[in-house]
Amino acid sequence: GLKIATIGGGSSYTPELVEGFIKRYDELPIRELWLVDIEAGKEKMEIVGNLAKRMIEKAGLPIDVHLTLDRRAALKDADFVTTQFRVGLLEARAKDERIPLKYGVLGQETNGPGGLFKGLRTIPVILDICKDIEELCPNAWLINFTNPAGMVTEAVLRYSNIKKVVGLCNVPIGIEMGIAKLLDVDHSRIRIDFAGLNHMVYGLDVYVDGVSVKDEVIEKLTDPANSSFVKNIEGIGWEPEFIKALGVLTCPYHMYYYKTRQMLEKDMKNADGEGTRAEVVQKLEKELFELYKDPNLAIKPPQLEKRGGAYYSDAAVRLITSIYTDKRDIQPVNTINNGAIASIPADSAVEVSCVITKDGPKPISMGDLPVPVRGLVQQIKSFERIGAEAAVTGDYNTAVLAMTINPLSPSDTIAKQIVDEMLEAHKEHLPQF
Ligand code: NAD
Ligand code: G6P
Ligand code: MN
């Protein structure tokens, strides 16, 4: 049987993951699931861990769930390590989202200015985890879900000795599901050629039963109701002229880059009203953990669907299953490019449709990215690389550089002001600076 170690086990997403393991148990015989957290997340882990135990007991499966603060014990001889931790918890995310807004800049906690600081906090921790993996479970696959997943995967590829790493996001599968629904066909009949970076991924083409339906789908994306496929981003629609000329499918995060002004106005309005997304999620999380405490609850409650991570379990468990069984199906994941996307360095992380084998994801060759999208993707890749470098070196100038080259930054001076305020606000989680 398999041993899985999940770091950040106290996440409210854990029931999602456990549901996935239960559903695919026939193909993926897990014997041990170790949830790991830190002192600050101990109570959350106990609540959600006990729910996980009840779910597994209800399903009648022989999976032992261990709850621990001892990461090394959890990693010892693990077959798969999944990471879903958040350094500084949601309180830190609220700062990532709010501080840039004070300067009239979008926070965007993954690929935006806020994401830089999430990366600066996260990368030292993931590199530490990589060292433990090298020592305690050198054959394990690391499946990273922690954002900014693109920058984090880039950092693992560049600054650790771990080669068996895959970055995972629920956005591509969310788009597939959303388009299947729009076209009223079963998800299994849809295939999208994904290429780009995490939260900066495009669908170069989309097929139903092998026949391209791209133009029809792009037409549908102009309807605001169809323009986002995740709960955390409200779709505000695309100009038909723009999206048709672009000629590829966008992901919801593209709205921050191609509709910057409107997204900023919306985020500022929310910040003065119901709160930033982090603050909304803090309330949601409280409600979820109240539900999770109920000793009679033994399923993933439907309220979890209000979080942005829908289909996380499908994405994670189908990936692990395909590696374990050498299934060779196609899944979009973050992996080393190796030339699949000509416009991105071969040794960089990309998000791309891959054949999933026992030796990991094999990216499908996509050639060059179309001219209209190439520049933005390259710019975000540079941001991820410089951000990862700043995280590893703790160099102030490099942090200012990363913030300035982010496409959401309006100037070097404002970027520096944001960096200064955020370094101070997050200093307990940034020992390298
Ligand atoms: P959360 O705030 O609940 O954090 C999860 C847990 O991580 C907490 O219990 C916390 O105590 C723990 N933690 C913090 N530092 C840790 C450390 N050093 N070691 C071990 N555990 C630690 O977060 P959440 O909202 O559940 O999200 C979890 C993570 O998943 C975030 O990083 C988020 O960005 C990411 N996420 C990714 C996707 C994706 O598409 N890739 C989707 C949803 C969420
Ligand atoms: C999306 C993204 C994730 C992101 C999440 C936020 O699904 O793929 O990378 O972390 O939404 O959701 P939340 O509910 O935390 O705002
Ligand atoms: Mn994501």
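Quick look at the values:
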| quantity | calculated |
| --- | --- |
| Span from the segment 340-393 Cα centroid across to the segment 139-164 one, whole angstrom | 13 Å |
| Cross-link pairs beyond the 19 Å C-alpha cut-off, checked among K3/K164; K131/K163; K214/K259; K164/K327; K3/K76 | K214/K259 |
| Ranked list, fewest to most other Cβ atoms within 10 Å of each Cβ, for C130, C169 | C130, C169 |
| Lysines whose Cα lies under 23 Å from that of K283, excluding same-chain neighbours fewer than 8 positions away | K42, K44, K95, K102, K118, K231, K266, K269, K293, K300, K306 |
| Relative contact order of the chain, defined on C-alpha pairs under 8 angstrom at six or more residues apart (%) | 18 percent |
| Span from the segment 1-60 Cα centroid across to the segment 243-265 one, whole angstrom | 36 Å |
| Most to least packed among 217-226, 330-339, 113-122 [average Cβ atoms within 10 Å] | 113-122, 330-339, 217-226 |
| Helix-derived mean residue ellipticity, 222 nm - over the chain, DSSP H n ≥ 4, -39500 (n - 2.57), to 500 | -15000 deg cm²/dmol |
| Most to least packed among 237-244, 171-178, 33-40 [average Cβ atoms within 10 Å] | 171-178, 33-40, 237-244 |
| Residue of E27, E154, E279 that the Gaussian network model of the chain assigns the largest fluctuation, springs spanning Cα pairs under 10 Å | E27 |
| Alpha carbon convex hull of segment 1-76, projected area averaged over orientations, nm² | 4.4 nm² |
| Tensor-based shape of segment 219-375 (alpha-carbon gyration tensor, a/c under 1.5 rounded, otherwise prolate or oblate) | oblate |
| Residues I22, I7, I364 arranged by fewest to most Cβ contacts within 10 Å | I364, I22, I7 |
| Ascending count of other beta-carbon atoms within 10 Å, so fewest first, for L28, L136 | L136, L28 |
| From the C-alpha gyration tensor of the chain, square roots of 5λ in Å | 30, 26, 22 |
| ³J(HN,Hα), Karplus 6.51/-1.76/1.60, whole Hz, each residue of segment 163-178, x for Gly, Pro | 9, 8, 10, 9, x, 10, 9, 8, 5, x, 5, x, 5, 4, 5, x |
| Ordering of 100-111, 263-274 by burial proxy (mean other Cβ atoms within 10 Å per residue, highest first) | 100-111, 263-274 |
| Loop-located trypsin sites (Lys or Arg not before Pro) in segment 315-370 whose Cβ has at most 13 other Cβ within 10 Å (DSSP) | R328, K358 |
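All of the numbers you see were taken from the coordinates with simple rules; none came from a lab. Note that this is a predicted model, so its numbers are computed, not measured. Heads up, the Cβs are rebuilt from the backbone with ideal geometry, glycines too, and the neighbour counts pull from every protein chain shown.
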